[in-house]
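Step one of this worksheet: look at the structure below.
The values are calculated or read from the model by the stated rules, or taken from the named source; none is laboratory data. All figures in this text were calculated on a predicted structure; none of them were measured in a lab. When the accessible area is computed, the model is the full protein with side chains, heavy atoms only, and any ligands, DNA or RNA have been set aside. Shrake-Rupley method; radii C 1.70, N 1.55, O 1.52, S 1.80 Å.
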Amino acid sequence: MREQTVWQKSSFSQEEGECMEIATLGPAVALRESDDPGTVLTTTPAALDGLIRAVKADVFTGRTEAGR
């Protein structure tokens, strides 16, 4: 029997859609946009943690925590 994937929405999600959903798939983490549930990105928990830390530190905009 195949186990059903349980998707969770962020507590910051709006009723209009615009939400990211996350699920665990064995040792992997799956992400999808609620407006396009057929497109799923899978990664490792460590890689997702690195991405979240980089976003919070403004790595992708050229700003850093120290420069605020």
Among (1) under 11 Å from the mean Cα position of the chain (by Cα); (2) modelled with pLDDT of 90 or more, there is one condition residue 38 misses while meeting the rest; what is its number?
(1)
Which residues, taken from the range 35-48, are open to solvent by 70 Å² or more (accessible area, probe 1.4 Å) and assigned to a helix (DSSP H, G or I)?
45, 46
Hits in the range 1-34 - residues which are open to solvent by 50 Å² or more (accessible area, probe 1.4 Å), modelled with pLDDT under 85 and not in a strand (DSSP E or B):
1, 2, 3, 10, 11, 12, 15, 16, 18
Kindly indicate whether any position in the range 52-62 is at pLDDT 90 or above and in a loop (DSSP other than H, G, I, E, B).
no
